[in-house]
Amino acid sequence: MKLVSSVCPRNCYSTCSLKVRVENNRVTGIEAHGENRATPEGPCIKGLAYVERANSKSRILYPQKRVAEGKYQRISWEEALDTIVAKLTACKEKFGPHSVLYFASSGMSGLLNGVSTNFWKLFGGATTTYGNLCWPAGLEATRLTLGANKHNAPWDVEHAKLIVLWGKNPVETNIQEMMPIEKAQQKGAHLVVIDPRRTPSAERANSLFQIKSGTDAALALGLAREIIANDSIDEEFIEKYVLGFEQFKARVEEYTLEKVSEICRISGAGIKELAKEIGTSEAMTLIPGYGLQRYENGGQTTRCILALSVITGNIGKKGACWHYANLQSYVFDDLKEPESYFPGCEHPSFRREISVAKLGADLLQIINPEVKFIWVERGNPLSQNPDTNAIRKAFRKADFRVVVEQFMTDTAYEADLILPAKNMFEQSDLVGSYWNPYVQLKQKVLEPAGEVKPESEIYYLLAQKLGFSKEEIRKNIPEPNDEAIEDYLNGFLDEFPELSLEKLKEGPQLADSYEEIPFADYQFPTPSGKIELYSQQAKELWGIDSLPNYVPLAEQKDFPLQLISPNSRNRIHSQFGNLEVIKQFEPEACLLVHPLDAEGRGIENLERIKLFNHKGNAEVKVQFDLGLRRGNVVLTNGHWAINGAAPNLFTTGKETDIGHGTAFHNTWVDMKKIK
């Protein structure tokens with residue numbers, strides 16, 4: 001038996017450090033790694049489920065080709081690679097390299113993902129996507145305002161006197177954050193939750209403001225008006241470090257208690273009390289979730305909420321920060337998010353003209369050339385990108401599809417050829433976090449199962465078969481052995497002597513550039529050098545108001561129920577839900593509905609109903625939830641359509657106002673009994 005230091009590489013706040021127990025080339029346990037101050041108690045249920053995930057009998061272990069609809073046959077690697085090479089060569093010769101779509105997402109983090117881009121660059125380029133499904137509207141709002149995306153160390157939250165969870169539910173989606181929150185509460189801090197749902201996090205709070213979804217900006221501006229009227233602003237901080245306060249002050253004047261109460265469906269007295277609490281707190285940590293910026297108005301909403309931290313001086317202090325994203329561990333990135341998501345920063349050999357938010361529509365419309373060949377890795381777009389039916393149509397329009405995957409997902413079932421993907425235990429890699437500040441090493445702990453080949457090895461073999469020169473391959477793709485992989489990773493570490501591979505094998509490490517309290521020096525990398533409530537860049541880059549503003553969502557008449565699809569405690573997006581250990585907690589998709597919304601339609605609790613709108617329909621079981629606002633229904637993110645209802649059967653491909661994000665929550669549906 002051996003115990004190996006590692007890290008969870010999923011697209012999750014926590015990025016937990018782990019110790020992996022291995023016996024006879026088999027993962028037998030996952031244990032806590034106390035060296036990470038942000039995650040000392042170990043991972044959530046998903047992290048513990050790696051034991052099943054690594055040993056699952058349903059894992060794809062061999063190359064497979066489609067022989068009929070939904071049916072696949074095992075083939076050799078030689079046949080698989082020869083087929084891919086023949087298809088790629090034909091596409092390139094007849095239509096050019098841009099007839100190939102290279103689609104990759106966030107299913108597995110790590111620096112070795114860059115090998116994929118290197119391969120397609122050697123191929124002559126490809127068509128790729130821009131934007132992001134998760135958080136770019138909020139990232140860009142923060143960048144425009146503060147100049148950078150970084151926040152106080154996670155453990156600093158325990159020093160806050162007031163903690164505001166605005167649209168975030170860490171009890172289910174970032175459980176390690178609850179440790180410093182609870183320590184703060186034990187010291188007397190107040191916890192406030194603002195959310196359309198009464199979440200498990202709200203159950204821990206001193207107060208819950210159950211806002212109408214999509215109106216968060218109006219509430220923030222109303223709170224700002226009250227804080228200014230109460231003279232609770234930090235005048236010295238504003239005078240020294242803030243640009244545009246007077247214009248902002250004039251902007252919020254119209255957001256009276258009466259107006260905001262009507263918009264947000266929250267009492268004026270409640271708004272007044274919350275404004276007093278924010279304005280008089282010695283140290284406020286404001287923690288926004290990512291769901292509130294997954295509306296068409298998401299960027300402006302984030303700017304409005306961030307303004308509350310700014311005008312009260314809760315930036316750059318112990319226990320006080322804007323706790324949205326912390327990219328301090330992304331030390332190897334030449335261009336950080338969100339700017340790396342924007343079209344125009346790619347290598348000139350690539351055509352980056354397809355929005356991830358509008359994947360289906362853009363794929364169907366793109367010409368000169370059309371996309372003939374689709375390659376998918378680290379993603380499940382049929383489940384996770386908006387407008388599933390349009391994506392399916394676009395995928396089927398292409399001549400050939402390759403999916404690199406561990407399990408038979410919605411997207412895998414669209415493939416002509418499936419290649420088995422590595423799991424997190426079968427290749428070493430370097431991983432950063434967007435919440436905790438550590439650089440970490442995900443160590444290889446066992447040999448790949450079956451005939452699994454890591455993606456870097458697949459590309460190495462394809463490069464040889466495509467006739468790339470030995471020198472080109474040597475410079476861009478590591479050889480398929482452990483020593484070469486470590487040499488590749490060491491190439492990134494050369495500039496960071498404090499981050500040697502040997503140290504990282506012991507546990508998480510901090511780069512020398514790490515700041516426990518960012519902005520404590522009051523240096524803001526914006527055009528003015530100040531915090532910018534008034535941002536000329538916002539107008540020039542995105543065509544929005546230079547000031548934070550509330551932009552109402554469009555009125556909906558045909559479909560009266562607003563569908564929101566928050567993350568689940570049981571999945572990381574579309575991963576883990578297929579495991580038996582997870583199914584015991586969530587065996588099938590359920591639509592959460594307020595009982596009064598159901599009664600008017602004659603629908604009973606646990607009844608199967610038809611959920612529908614102009615984009616799609618599905619049958620799903622209803623589960624009553626008195627903790628919802630009327631008019632909202634919830635279908636959690638990540639369900640596979642092959643197993644029933646999935647949120648993106650109903651979403652429209654629409655971008656957020658800034659950042660090229662994805663407006664998942666601009667979705668309205670209706671439901672009815674099944675006759």
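Things to note:
- T129, sole failed condition from (1) crowded, with 20+ Cβ neighbours inside 10 Å; (2) part of a helix (DSSP H, G or I); (3) of a type in the set (V, I, T): (2)
- Single condition L591 does not satisfy, out of (1) open to solvent by less than 20 Å² (accessible area, probe 1.4 Å); (2) in a loop (DSSP other than H, G, I, E, B): (2)
- When the residues of segment 556-588 are filtered to those that are within 15 Å of A49 (Cβ to Cβ) and charged (D, E, K, R), the one that is surrounded by the fewest Cβ atoms within 10 Å (Cβ to Cβ) is E580.
Yes or no, residue by residue, for (1) at negative phi; (2) among the hydrophobic types (A, V, I, L, M, F, W, C); (3) more than 25 Å from the chain's Cα centre (by Cα):
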residue	(1), (2), (3)
K505	yes, no, yes
L510	yes, yes, no
I517	yes, yes, no
Y550	yes, no, no
N567	yes, no, no
N570	yes, no, no
E586	yes, no, no
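- Summed over segment 628-663, the residues that are in a helix (DSSP H, G or I) and surrounded by 19 or more Cβ atoms within 10 Å (Cβ to Cβ) give a count of 4.
- Pairs where the first residue, in segment 653-671, is within 23 Å of E619 (Cβ to Cβ) and of a type in the set (V, I, T) and the second is open to solvent by 10 Å² or more (accessible area, probe 1.4 Å) and modelled with pLDDT of 95 or more, C-beta under 6 Å, 6+ apart: V669/F559; V669/N613
- Neighbours by Cβ (under 8 Å, 6+ apart or cross-chain): first from segment 484-502, open to solvent by 60 Å² or more (accessible area, probe 1.4 Å); second outside any helix (DSSP H, G or I) and not hydroxyl-bearing (S, T, Y): D487/P478; F492/F332; F492/L430
- In segment 85-119, the qualifying residues are those that are closer than 19 Å to F342 by Cα and hydrophobic (A, V, I, L, M, F, W, C), and the one that is most open to solvent (accessible area, probe 1.4 Å) is A104.
- In segment 21-62, the residue that is farthest from K503 (Cα to Cα) out of those that are among the polar types (S, T, N, Q) and buried (at least 16 other Cβ atoms within 10 Å of the Cβ) is S56.
- Strands (runs of 3 or more DSSP E) within segment 396-436 that include 1 or more residues open to solvent by 10 Å² or more (accessible area, probe 1.4 Å): 400-405
- Hits in segment 364-378 (condition: among the aliphatic types (A, V, I, L, M) and open to solvent by 10 Å² or more (accessible area, probe 1.4 Å)): L364, I366, I367, V371
- Test for A538: is it farther than 30 Å from A141 by Cβ, small (G, A, S), in a helix (DSSP H, G or I) and at pLDDT 95 or above: no
- Test result for A224, hydrophobic (A, V, I, L, M, F, W, C), open to solvent by 70 Å² or more (accessible area, probe 1.4 Å) and more than 30 Å from H594 (Cβ to Cβ): no
- Filter result (open to solvent by 10 Å² or more (accessible area, probe 1.4 Å), of a type outside the set (K, R) and either assigned to a strand (DSSP E or B) or under 14 Å from P587 (Cα atoms) (or both)) within segment 606-627: L606, F612, N617, A618, E619, Q623, F624
- Selection status of T199, among the β-branched types (V, I, T), crowded, with 20+ Cβ neighbours inside 10 Å and in a loop (DSSP other than H, G, I, E, B): yes
- Of the listed requirements (1) assigned to a loop (DSSP other than H, G, I, E, B); (2) open to solvent by 30 Å² or more (accessible area, probe 1.4 Å); (3) touching a Ser or Thr at 6+ places or on another chain (Cβ under 6 Å); (4) not small (G, A, S), V171 misses just one: (1).
- Boolean, E239 is assigned to a helix (DSSP H, G or I), free of Cβ contacts under 8 Å to residues at least 40 places away in the same chain and open to solvent by 10 Å² or more (accessible area, probe 1.4 Å): yes
The values are calculated or read from the model by the stated rules, or taken from the named source; none is laboratory data. Computed from a predicted model, the values in this text were never measured in an experiment. Note that each Cβ is placed from the backbone with ideal geometry, even for glycine, and that neighbours are counted across all protein chains shown. The area values use the complete protein model at the heavy-atom level, side chains included, leaving out ligands, DNA and RNA. Shrake-Rupley method; radii C 1.70, N 1.55, O 1.52, S 1.80 Å.
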